[in-house]
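Colleague: One structure is given below, represented as structure tokens, and several questions about it will come after.
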Amino acid sequence: MNAFTINRRAVMLSAVVGASGMFLAGGGGIANAQAMMTPASGNAGHYRFRIGEIRATVLSDGVIGGPPRVYASDAPEAELQEVLRRAFLPTDHMTLNLNTLLIETGGRRILIEAGAGGTMGPNGGRIFENLAAIGLGPADIDTIVISHTHPDHVGNLRTADGGKAFPRATVFLPKADWDFFVRTDPDLSYMPVPEDFRLRFAAAIKSSLEPVMNDVELYEAGAEIVPGLTTIVASGHTPGMATFLVHSGNDQLLLTADLAYHPVVNVDNPWRPGPDRDKETALASRRRIFDRAAADRIPVLGFHFPFPGLGRMLETDGVYAWVPAGWQF
Ligand SMILES: [Zn+2]
């Protein structure tokens, strides 16, 4: 939308997406499944709703993606291909959305997840134009709360020239992720991606957080960030990952962060995300939180689910199904 955005995309793209091009969104042959849909532009990337007294807006940062196998690491190959075909999805590339959530409560504007920016391909970084579309700029954000420090959740914290993209914001991060990804050089050999990708991934986390080092508040999952926003222990995907409950009066919204990447492979089918560091702990977190969502019929926001990512979990005899919410005009 402006020079800032364009520069930023160019710089971050060259910084992290490299030779393998493995995670380039839209790469390769997305042929058959989407060939009948002509790409559009100019659609809304923001979606407003309320949680009791809290004003909420999903702000899209765009999309990232990669080979479906990465997000469904234990799926039998033939079954994965068939499930994708039956969902009218490409079999060689899975698109993941970046659904950040702005909540306005108690006189504060709180952004949940910062989004990828350009750290994981050229189709992120849209949060700034979507903020502008609702009449806000980065300086209007008071607080940013991050579920875990993967680049697609912290990438937008840094401007192209290394400054703070949200100049006034205090950034809340899970302490265990800070200790693992920032204070040390993490061993990412568990991630099912090429070594050069892992190195860029680790570097992108540190560079994205570098401008906000003095504005970070470390939290332990379970803590309340502000009245109406509680963090929930959900470790496994990363050492510190938290999910969130936003609540006001009788209304609630459960944010599942990266417990699931795409409902077709991680909810409707029980396959495990390859990037989960501790797969058994991640599975236990996923079941505990999905069960709570299903039992209490809590509206859910999936960070990577198809925009705007809102719906509910249905559980029948231990099998989950994702039921998207209807669009509210
Ligand atoms: Zn993510």
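Colleague: Just to be sure I understand the curve: with the Debye formula and one point per C-alpha of segment 233-329, what is log10 I(q)/I(0) at q = 0.14, 0.19, 0.22, 0.24 Å⁻¹?
Modeller: The computed values of log10 I(q)/I(0) come out as -0.46, -0.87, -1.16, -1.37.
Colleague: What residues qualify as long-range amide H neighbours of Ala72, i.e. H under 5 Å apart, gap of 5 or more or another chain, H built at 1.01 Å from N?
Modeller: Gly274
Colleague: Among Ala260, Ser207, Trp271, whose Cα projects farthest towards the positive end of the dipole of segment 202-275, with charges put on the beta-carbon of Lys, Arg (+1) and Asp, Glu (-1)?
Modeller: It is Trp271, whose Cα lies furthest towards the positive end.
Colleague: I've got another one for you. Once you charge only the Cβ atoms, +1 for Lys and Arg and -1 for Asp and Glu, what is the size of the charge dipole of the chain about its Cα centre, to the nearest 20 debye? Please list the in-between numbers first.
Modeller: Values: 28 positive and 35 negative charges, 123 e Å.
Rounded to the nearest 20 debye, it is 580 debye.
Colleague: How large are Rg and Dmax for segment 77-138 when only the alpha carbon atoms are used, in Å?
Modeller: Values for segment 77-138 (Cα only, Rg and Dmax): 16.8, 52 Å.
Colleague: Would you mind computing the Rg to Rh ratio of segment 145-239 from its alpha-carbon coordinates, Kirkwood style for Rh?
Modeller: Taking Rh as the inverse mean 1/r over Cα pairs, Rg/Rh reads 0.97.
Colleague: Normalised by the empirical 2.2 N^0.38 Å for globular proteins, what value does the Cα Rg of the chain take?
Modeller: That works out to 0.92 for the chain.
Colleague: Just the number, please: percent antiparallel of the DSSP beta bridges in the chain, rounded to the nearest 5.
Modeller: 80 percent
Colleague: Out of all DSSP beta bridges in segment 154-265, what portion is antiparallel? Express it as a percent rounded to 5.
Modeller: Around 75 percent of the beta bridges assigned by DSSP in segment 154-265 are antiparallel ones.
Colleague: Let me ask something else about it. Can you tell me the alpha carbon radius of gyration of segment 77-210 divided by the globular rule-of-thumb value 2.2 N^0.38 Å?
Modeller: This ratio for segment 77-210 stands at 1.19.
Colleague: Just to verify a number: FRET efficiency for Thr184 and Glu82, C-beta to C-beta distance, R0 = 51 Å, to 0.05?
Modeller: The pair Thr184/Glu82 has a calculated efficiency of 0.80.
Colleague: Based on the inverse mean of 1/r over its pairs of different Cα atoms, what is the Kirkwood hydrodynamic radius of segment 118-188, in Å?
Modeller: Details: mean 1/r = 0.0745 Å⁻¹.
Across segment 118-188, the inverse of the average 1/r is 13.4 Å.
Colleague: Go through segment 158-228 and name the chymotrypsin sites (Phe, Trp or Tyr not before Pro) that are in a DSSP coil and have 15 or fewer other Cβ atoms within 10 Å of their Cβ.
Modeller: Loop-located and lightly packed - Tyr190.
Colleague: Another question about this same structure. What is the Cα convex hull volume of segment 214-286 when expressed per residue in Å³? Walk me through the numbers on the way to the answer.
Modeller: Details: hull volume 8.0 nm³, N = 73.
Each residue corresponds to 110 Å³ of Cα convex hull volume.
Colleague: Something else now. Report, ordered by chain and residue number, the aspartates and glutamates lying within cross-link reach of Lys164, taken as a straight Cα distance under 20 Å and ignoring same-chain residues fewer than 8 apart.
Modeller: Output for Lys164: Asp61, Glu113, Glu129, Asp140, Asp142, Asp152, Glu210, Asp215, Glu217.
Colleague: Still on this structure: Between Ser73 and Ala203, what is the FRET efficiency for a Förster distance of 35 Å, r being their Cβ-Cβ separation, to the nearest 0.05?
Modeller: So the FRET efficiency works out to roughly 0.90.
Only the coordinates and a few stated rules stand behind these numbers; no lab work does. Everything numeric here is computed off the predicted structure, so don't read it as measured data. Counting neighbours? That spans all protein chains shown, and the Cβs are built from the backbone with ideal geometry, glycine included.
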